[in-house]
Amino acid sequence: MIDLCRRAREANRTARYRRGNVVHLPAEGQVILTGDLHGHRRNFERIVAYADLVRRPDRHVVLHEILHGGPEDGRGGCLSFELFTKVLEYHLEFPDRVHLVMGNHDTAIITDSDVMKAGKEMNRAMKEALRRRFDEDYDEVRDALREVLLSQALAVRCPNGIWFSHSLPACRTLDHFDTGIFERPLTVDDCVRPGSAYLLTWGRRQSRQTLETLARRLEVEVFVVGHQPQESGWARVEPNMLILASEHTHGMLLPVDLDRRHTLDELTERLVPLASIA
């Protein structure tokens, strides 16, 4: 796992379409946007099957928030790192077409801070499982994991005005958010409150005014994000945001053509239930 994380870190840093901390996709082909995975192995397999990157060389896939959730070991330890290794292998197979984006659980791992999910402190649960699995190599595995998480992009910009990031700053933190975070090298401090990577990945319940302000500031027409749980697999937030979830049986993915613009109405009509994919 150590070598895998290190190779993936280098692939993140040298990716063809990455500039700073943003992936700038070309104006051709298609991108598959997804919601949080949180250890859901079957939905990852469905995303891979749908994307079919071997037969679709013009297609990209965006993945985020893979860790924390899913199967546990016999003592309640979180085994989502097993799925993460599969994701890294997929990324290394298609380094310029599989794009990893930082989520809020990633910032918690990077900074070794608490993060709750379903009443459980997930950082502790995963560290305990990692320690049992890797024993004397645990410290090196932990450090390699943090380094590859920190090397991820913060966002994906599509040429048709669509922007993907794990989340967006909350209303109350918007004035403190520095868009320079998308251009300069990331540090661990950026992932701690009130660092801008933290504000970007942890924000919830954005107002119309906040979304309009961010759209002007970032020159974006439509935001696609995850982070905020959605039982139905998606939600529309006026005037310009679509929230995706991919971590449960009602999860969704969103195929987006990169050579044309899409309205929010059109994007909602293009949603694909993951359960419909064999």
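Throughout, read-outs are computed from the coordinates displayed, never taken from laboratory work. All values derive from a computational prediction rather than experimental measurement. A quick note on method: Cβ atoms are made from the backbone with ideal geometry, for glycine too, and the neighbour counts reach across all protein chains shown.
Among the residues examined, Ile162 qualifies as crowded, with 16+ Cβ neighbours inside 10 Å, touching a residue at least 24 places away in the same chain (Cβ under 8 Å), closer than 30 Å to Arg208 by Cα and among the β-branched types (Val, Ile, Thr).
Within the stretch 108-129, residues that are within 17 Å of Asp36 (Cβ to Cβ) sit with their Cβ atoms under 7 Å from residues that are surrounded by 18 or more Cβ atoms within 10 Å (Cβ to Cβ) and among the polar types (S, T, N, Q), at 6+ positions apart or across chains, in these pairs: Ala108/Asn123; Ile109/Asn123; Val115/Asn123; Met126/Ser80. Take the residues in the stretch 114-139 that are loosely packed, with under 14 Cβ neighbours inside 10 Å and of a type in the set (Gly, Ala, Ser); name whichever of them is farthest from the chain's Cα centre (by Cα). So the residue we want is Gly119. Any residue at all in the stretch 26-38 that is crowded, with 17+ Cβ neighbours inside 10 Å, assigned to a helix (DSSP H, G or I), touching a residue at least 24 places away in the same chain (Cβ under 8 Å) and of a type outside the set (Ser, Thr, Tyr)? No, that holds for no residue. Among the conditions (1) among the hydrophobic types (A, V, I, L, M, F, W, C); (2) in contact with a strand residue (DSSP E or B) (Cβ under 9 Å, 6 or more places away or on another chain); (3) closer than 22 Å to Asp189 by Cα; (4) not in a loop (DSSP other than H, G, I, E, B), Ala129 misses just one, which is (3). Among the residues making up the stretch 254-278, those that are outside any helix (DSSP H, G or I), over 20 Å from Pro26 (Cβ atoms) and not aliphatic (A, V, I, L, M) are Thr263, Pro273.
Inspect the stretch 186-199 for any residue being touching a helix residue (DSSP H, G or I) at 6+ places or on another chain (Cβ under 7 Å), surrounded by fewer than 22 Cβ atoms within 10 Å (Cβ to Cβ), acidic (Asp, Glu) and farther than 22 Å from Leu244 by Cβ and give the result as yes or no. Scanning the stretch 186-199 turns up no residue that is touching a helix residue (DSSP H, G or I) at 6+ places or on another chain (Cβ under 7 Å), surrounded by fewer than 22 Cβ atoms within 10 Å (Cβ to Cβ), acidic (Asp, Glu) and farther than 22 Å from Leu244 by Cβ.
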